[in-house]
């Protein structure tokens, strides 16, 4: 069997200029990055009616793997086999997981975006620009304090952290500014992975360069000794930061193995941020395509909820249909089967685990959206299991289609694509957000916890309760909430699979991301800087004398 | 008067495809980065005879400014006005100084490389790739120790440091790996600016991807508890690091205001590294151009000495002529004039300061190379001073030409260019290195100190003496030496201008850069992570809603 990178390297790419031409992008709106990548900035006059939006999400992920990206790519490819003018809008991979566990994040098998090596490595430099802007801001903060601290920033109340696009646990807790007086002011510091930086969220939600600069200016980096918030604007560096990000703001155009156009742009964390690709890229795709397939991070309780409650407001367009990805294996895990027993048929466990899928379907329906289930097939799935899963979905009046996009590319999404098209045509989406921003922060959290997660109640730790008050005082209580929670469970306890009952959600901390425009609500211990495994994927990576990559998969 | 960025933005660029075509680069050898930037990788079959090499260097820099890059650009432009098929090979600017003091490093006035905004900001991402590879290596080291430390790396003997391409003094001295056991192993750490990373030096000296990987493999990151060196190869990550650098290895092609082709690639520090652009870029320029103008960092005692003793070996080509840049103002400072008195005529001080220029000329001549002096004119220079300087040069039989490239572009180097062409034709360079690598390390250092710096003797501190022994034991004593010294003086004391006499050079430490292939000899306190000034240049930077930059100058 060929590896992903071997399949990728055997694929014939169309020149990206041709892909852009077919989409109707004028040559003035495109800048090439080699033959296979381009940055696109549509002009005002290119404005067109928006296409249909297909949001791909999933059940709570398990170690068994769900294949959301692979399904998204195959679905778009099949839509184009049907001449539906489909365009993908996906997230950029982070180098941290690529070098660590995953080795790559550009789909798999015959459903990949290309050139996978470039996309997985530095791509067009967007994430590096964000790292640079993030750390330039840190340098400006520490320099301001060192040079006299006119603003009276309290070094113990700085909430802005440095970042690197790597998995590096040694940087989670650090001390900086050590040495003598000339080496700066000593303080505690931590590094996040770049995709967890507020600047990544800002870039993904900004509608244009002016909005980007305004959001950067609003970022709160910490507090003065008098507990007044200090913003980027106070430091007068929003112009410099926006300048560093001006190219990164432009969406990147690439293609799938089947030459479907794909915008890959932005990749914020789906827990401490909203986990969706950029508004600008999705909007660009919607203006150019008749069908746009996009994806939200982690399960539907995290990524899709944030897509629907946060991104939609900025995008000014809601999904026409939701595709919910599930696998027999993952549902069996939700039904209590251990990971090493997944290859055996287990219908009772599947039926039990189906509850997780059902809850997510109902959640999406509660936003007024029609749902189609994509059953992503794996080699060991039993016919009896696949058929049971389809029956269970039928019983709640949801279409569930088998999908084999990994093995078969677009052809693997034959029934899925037709059903998605029919659903959009037949069932009008009537989007409504879960909550109004005017609600008190506490109530917004409770609404998500109860309605989406199925929690009984929400418990606010003392610290969080204090922060709720501060947020009100500072006038930030009209912002939407972005809950950081384990992706493995509907609850805040990663070990509770299926549909946990009778649990309380515990809120530890509420962190203002004023530039991004939301309040991050931390539940449990969310890691914002991952570590490397004992044997990092990097150990298998190589490049030959001609520049051919290997070990990305 | 227009600012640099205004002049740049008013300039009409040729498409980089046309520039490449004129140079004879085949379309398969070029990858576009937008319309104005490209990566070039010549094929073996493109091999051609090498052009003439012009090395631009200078006297010891002063706060008065010398304008080496501006002279280099104007000289190449003038050569092309004369249809001499000239190509530039320059260094990439680091974002640290751009955001800090300088605001830009792409020449000035009418002698600039374009697009100056891009080149000064992220350019084609080379430096970001180096930052990433550098810090990935750090993460692999700390992870190795955390996961059981099979190699027995002593956390107190790690010499590999993390890096960022920023001026950030707070990162000079840090502690990492704090927190509980799951957060890694605590140790002292420091960050260098990326251009000071050994990976930058490796990339600049490597002849191709295979050589790059071999050099990366040889990098010594620290020592075991038994004091055995630990290399990147021991960690098995040279493949991953080379993969991260594969695009960064390709030289970048841009153009000057007058549309002279310019390769801008690599930018290592000129004290703890060799301070020249990449071997690959210079070689590419030499294959394509009949005249190649390149530049070495800081004064001729640092950059040019290292060009001639380190880079030439890797380049397999030595300069045909050296252009020594001097200014009346800087020489007056070397003659004892304070910076606020430079606008006044002062012939005695100029004559006294001339000694600095003379010493650098003689140094270059001692390598068997003909020298031409470029007097870079400033507005306040007096006719009497310029004329005296020319006379002083005449007396030692060196041609000194006035140059006004900042104000006049190529036309400002009219006489300079003709003299350079004539000198190459008339005076055959007979390059000989200063020392043979077989000499003991101590003798190599002494030779540079006495012959180039004019030191009486070299004093080795106890620590350095111990390291000399270790280097011998480990078999590294055949490597060339790369002396890190203040750029402001021929001595290791920044305050000693002119030509210091009767001083000893004090060697504090010798640091092996086995991947780069040299031993860094530290004299005095060399900062490898600069700090920001009280008012960073970034505060004046901005970008408008159309993406137009301002505040880069």
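Coordinate-derived values only; no laboratory data. Just so it is clear, the model here is predicted, and its values are computed rather than measured. Ideal geometry is used to build each Cβ from the backbone, glycine not excepted, and the neighbour counts take in all protein chains shown.
Table for the structure above
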read-out: The range A:441-523: C-alpha gyration tensor shape, a/c 1.5 cut-off, then a/b vs b/c; value: prolate
read-out: Residues in the range B:515-532 reached by a label modelled at residue B:461 [backbone nitrogen below 11 Å; 7 Å Cα→Cβ]; value: B:522-526
read-out: 222 nm mean residue ellipticity, helices alone, for chain A (DSSP H n ≥ 4; -39,500 (n - 2.57); rounded to 500); value: -9000 deg cm²/dmol
read-out: Rounded FRET efficiency, nearest 0.05, which uses the C-beta distance separating residue A:18 from residue B:48 and R0 of 35 Å; value: 0.60
read-out: Global size of the range B:412-453 as Cα Rg and Dmax, reported in angstrom; value: 16.7, 46
read-out: Debye log10 I(q)/I(0) at q = 0.13, 0.21 Å⁻¹ for the range A:323-396, Cα point scatterers; value: -0.34, -0.85
read-out: Three-way shape call for the range A:38-101 based on the alpha-carbon gyration tensor, with the a/c threshold at 1.5; value: oblate
read-out: Inter-chain shielding of B:529-538 (mean C-beta neighbours from other protein chains, 10 Å cut-off); value: 5
read-out: B:23, B:203 arranged by Cβ crowding within 10 Å, fewest neighbours leading; value: B:23, B:203
read-out: Label geometry 7 Å along the beta-carbon vector: residue B:28 inter-copy distances in nm; value: 3.6
read-out: Simple spin-label estimate for residue B:431 and residue B:343 in nanometres, 7 Å along Cα-Cβ; value: 4.4
read-out: For residue B:548, inter-copy label distances in nm, listed shortest first [label point 7 Å out on the Cα-Cβ vector]; value: 4.9
read-out: Label-zone membership for the range A:420-441, site residue A:366, 7 angstrom Cα→C-beta point, backbone N under 20 Å; value: A:429-441
read-out: For residue B:347, inter-copy label distances in nm, listed shortest first [label point 7 Å out on the Cα-Cβ vector]; value: 11.0
read-out: The range A:126-245 shape via C-alpha gyration tensor axes, a/c threshold 1.5; value: oblate
read-out: Surface/4 estimate of mean projected area, convex hull on alpha-carbon atoms of chain A, nm²; value: 25.2
read-out: Neighbouring partner chain Cβ atoms per residue of B:208-214, average, 10 Å criterion; value: 3
read-out: Between the range B:439-470 and the range A:482-527, the Cα center-to-center distance that results, in Å; value: 61
read-out: Considering only the protein assembly as shown, percent of DSSP beta bridges that pair antiparallel, nearest 5; value: 45
read-out: Test item: B:185-192 mean partner chain Cβ contacts at 10 Å; value: 3
read-out: Sorted by Cβ density within 10 Å, fewest first, the residues B:350, B:386, B:532; value: B:386, B:350, B:532
read-out: Efficiency of FRET from Cβ geometry, residue A:225 and residue A:397, R₀ 45 Å, rounded to 0.05; value: 0.15
read-out: Dimensionless Rg over Rh [the protein assembly as shown; C-alpha; Kirkwood]; value: 0.99
read-out: DSSP beta bridges in chain A [antiparallel fraction, %, rounded to 5]; value: 45
read-out: Nearest-ten-degree value, helix B:462-473 long axis tilted from longest Cα axis of chain B; value: 80
read-out: Cα centroid separation, the range A:127-155 to the range B:12-51 (Å); value: 40
read-out: Centre separation in Å (Cα based) which lies between the range B:370-386 and the range A:349-381; value: 78
read-out: Footprinting exposure proxy for A:72, A:14 (fewest neighbouring C-beta atoms within 10 Å first); value: A:14, A:72
read-out: For the range B:126-245, share of DSSP beta bridges that run antiparallel, in % to the nearest 5; value: 75
read-out: Residue B:26-residue A:1 pseudo-label distance in nm [points 7 Å out on the Cα-to-Cβ vector]; value: 4.0
read-out: Estimated FRET transfer efficiency when R0 is 41 angstrom, pair residue A:525-residue B:545 (beta carbons, to 0.05); value: 0.50
